[in-house]
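This report refers to the structure that appears directly beneath it.
The values are calculated or read from the model by the stated rules, or taken from the named source; none is laboratory data. Not measured: the values here are computed from a predicted model. A quick note on method: Cβ atoms are made from the backbone with ideal geometry, for glycine too, and the neighbour counts reach across all protein chains shown.
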């Protein structure tokens, strides 16, 4: 944007805003990289990962599904594959509305990765009967 005297290579728009929100959301989830459902659809064949869940972000009316890449599929370890599979089972149980099965599988994820902040957060949120499965983030 700008003129021939002054030019700025600033990226603007909804996609850039969402990327900034996801970058900031890493703090809340204890993750290092988050991607939108759109980006995940393009990368998931080559990248092993897990669904973080639905998040409501400022500037968006509806929650979006967010994913965390774990490793390139070709280089993933047995532990990473096992963890991602168990996590996927937990998210499938959640989508079926089975909170107890979700909780049990997340406990197994916690055994596989005892220091995983996202697993701890999910277990904490599932203990609250009012939690509807959507994380709400009001800030970057």
Restricting attention to the range 118-134, does a residue exist that is at pLDDT below 95 and assigned to a strand (DSSP E or B)? yes
Answer residue from the range 70-85, given it is assigned to a strand (DSSP E or B) and in contact with a helix residue (DSSP H, G or I) (Cβ under 7 Å, 6 or more places away or on another chain) and is surrounded by the most Cβ atoms within 10 Å (Cβ to Cβ) among those: 70
Kindly indicate which of 49, 56, 88 is in a helix (DSSP H, G or I) and either in contact with a helix residue (DSSP H, G or I) (Cβ under 7 Å, 6 or more places away or on another chain) or touching a residue at least 24 places away in the same chain (Cβ under 8 Å) (or both). 88
